[in-house]
Ligand SMILES: [Zn+2]
């Protein structure tokens, strides 16, 4: 099995200095390869998740934003083949869960209703997303498809509202615990035929330090404290393909799946 676990906005800036409090991440960095992906494109979630799974740069896939001219962009509006389209056509079993290149996030071959229309905004919804994505991914792992792609979006939202506060690390610890349940407790990583890619679409930094402002500072939920940074995170286990850009995930999965 190939598992791509996306964690929107996960950053080494929080993880590296706190590995002592993040046992699953620590274990993953010990058994796998870790690196920073420095984005060449603007660190916006929609075009990056899109490029990661269609292999194209934003100038080629032309999907820049969730909303264009007041209309929500839908999957059909984006004229590309994603990795799941390619592999499915070849008869591979591909399951895709909660990928936030559109709102609500996209699923393929999986029945999943995103939490909060894919924009969870409070503790209750963040917790709910964490639990539901984990449970569904566990269920998919037990079905042993060829490829699973699964994404958590909560850290992006949490960091926009709470960057610099103690609760950010607390949420990373909750994510760490769920990742442990998924990858370590299920025995997924003990099977040497299994391959894992953990990736974020961008990092995070304080609102004023960000090179781009992705949201207005003042929102209905309060003033924003953080914004996207161009350094994204990557951890791979049992993957030889050299991933240096989000787009390389498409080619890596294609090669690993024997396509
Ligand atoms: Zn993002």
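Throughout, read-outs are computed from the coordinates displayed, never taken from laboratory work. All values reported here derive from a predicted model rather than from experimental measurement. Ideal geometry is used to build each Cβ from the backbone, glycine not excepted, and the neighbour counts take in all protein chains shown.
Values computed for the structure shown
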| item | result |
| --- | --- |
| Difference of contour (0.36 nm per residue) and Cα-Cα distance, residue 35 to residue 119 | 27.5 nm |
| Helix-only mean residue ellipticity at 222 nm for the chain, each DSSP H run of n ≥ 4 adding -39500 (n - 2.57), per residue, nearest 500 | -9500 deg cm²/dmol |
| Rg in Å to one decimal, and Dmax rounded to a whole Å, for the chain via C-alpha atoms | 16.9, 48 |
| Pair residue 74, residue 244: separation of 7 Å Cα→Cβ label points (nm) | 3.9 nm |
| Shape category assigned to the range 135-258 from the gyration tensor of Cα positions, a/c cut at 1.5 | prolate |
| Label-point gap, in nm, between residue 177 and residue 209 - each point 7 angstrom along Cα→Cβ | 2.8 nm |
| Estimated FRET transfer efficiency when R0 is 22 angstrom, pair residue 219-residue 131 (beta carbons, to 0.05) | 0.30 |
| Overall form of the range 1-152 per C-alpha gyration tensor (a/c, 1.5; a/b vs b/c) | rounded |
